[in-house]
Each structure stands twice: as C-alpha cells, then as structure tokens.
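Read the figures in this text as sums done on the coordinates, not as results from a lab. If you're wondering where the values come from, they're calculated on a predicted model, not measured in any experiment. Note: ideal-geometry Cβ built from the backbone for every residue, glycine included; neighbour counts use all protein chains shown.
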Amino acid sequence: MAGQPAFGRRKLRHEATKEEILEAAWRLARVQGLAGFSLRDLALAVQMRHQSLYTYFPSKQAIYDAMFAQGFRALADQRAALHLDRDPVRALRQGARAFLAFCVEDPVRYQLMFERVVPDFVPSAASMELAAEALGYLERWLGAAGLTDPADVDLVRALLTGLAGQQISNDPGGTRWTRLVDRAIDGVLGPAGRPDRKRTAPRAKRSPADSARKEVSR
C-alpha cells in the first residue's frame, strides 16, 4: 500500500510524457507532413534520446495509431456536444456542416483520419472502435431523416469527405466547397427534402465498426 502513491505518480508522469510526445508529433506533421518526420525528429522535439521514445511507444506506427485515436475521439466529442434541431433533416444538415468544419480546421488530422497518406498504417482494433463510435453519429442522423440503406450512408460519407478534401486542397481558408454541404444533403434526400425513391431490398446491415473500417481503408 505504501508504494501505491509513488506508482500512481509514475503512471501520471508516463501518461503526461506520452501526451507531450503526441503533441510534438502533431506539430511536426503539420510542418513536415504526416510521413515526413522521423523518430529522431520527434525525440529532438521533446528533448529525449531516440531510444527513450520506445519506452512510451513501441514503433512509429503506434504513434500514428494514438494520433488516429485522438482524432476520432475529438470527432466523437464534437458530435456529442452538438445541439441539433428537432427536425431530423435540419439536424442532418447541421451535423454535416459541423463535420466539414471539423475536417477543414485541421487538414493534417483530416488526412490521417480519412486519407491513406501514411504507407502501411493500419489502425488498431481499439482505435477502430473509436472511429466506429464517431462515424456512428452520422448513420443515426441519416436514419432519423429516413436514409436507412447502407448505400446512402456510404454516399453521404463520400460526399462529405470529398467536399472536405476539395476545400482543403483547392481553397484553404475559404468556403468554395464547404458551402455546398446543404445542396449535397438535399440532393441525397430528394426534391421534397425527404427520401422519396423506392428502396430495393437492403443489403445486410454492417456494424458501425465494419463501416468505419471501410471508411479508413479507402
């Protein structure tokens, strides 16, 4: 029992150092690109010996995985904090606009979460569960608005990430593509503002984790 407080302090210091390393990794990625910085660069940024990084992360892939998890935790937290309209279609538009704002505010984070810019990076199962949690909000918003076909979920995700990517690549700091989000949503919903086309027999429903795996494996 006497050693428990000391152990707890060591654990807190360990976690604080891991956070410091991840913050430095984000800073380097925003300057050099996600695949551009080395572990030596990272060690130098936190004033640590290169070999000492392995005390906190076993590999560079593990650092990317922790960054990936941070990104989807931030997205889930943003979505959980939204105060959406009671009307499901208005709520869907609001949620879509919030998602685009999240993407464009940090292009490097967007790239790690939704583009394959790091060779051979595969998120861990635990990180994929966070991705499924965050992406599951959109699926529920679409369902409330009457879009329950998994193909509709795929389509809206493709539209939103596509708009975000175009905005980041071609009009950074502007609104040329993000301002199209309501039009994109309304195009999927149909002229009446609600789904009005007959549905074919739905495909087998995917779990949120399966949906997230498809999203990040593009």
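Which of rounded, prolate, oblate describes the stretch 1-103, given a ≥ b ≥ c as roots of the alpha-carbon gyration tensor eigenvalues and a/c under 1.5 marking rounded, otherwise prolate only if a/b is larger than b/c? Oblate. Report relative contact order for the stretch 1-57 in percent, whole number only (criteria: Cα-Cα under 8 Å, sequence separation at least 6). Taking the mean separation of contacting Cα pairs over the length of the stretch 1-57, I get 29 percent. Across the stretch 38-46, computed HN-Hα scalar couplings (Karplus, 6.51 cos²θ - 1.76 cosθ + 1.60, θ = phi - 60°) run 9, 5, 5, 4, 5, 4, 5, 5, 9 Hz from first to last residue, x flagging Gly and Pro. At the listed q of 0.12, 0.19 Å⁻¹, the Debye profile of the stretch 1-57, built from one uniform point per Cα, gives log10 I(q)/I(0) equal to -0.34, -0.67. Treating r as the C-beta distance of Asp77 and Arg10 and R0 as 45 Å, the FRET efficiency rounds to 0.95.
When you count the other C-beta atoms within 10 angstrom of each residue and take the mean per peptide, 80-87, 142-149, 113-120 line up highest first as 142-149, 113-120, 80-87. Extending 7 Å from the Cα toward the beta-carbon at both Asp186 and Thr17 defines two label points whose distance is 5.6 nm.
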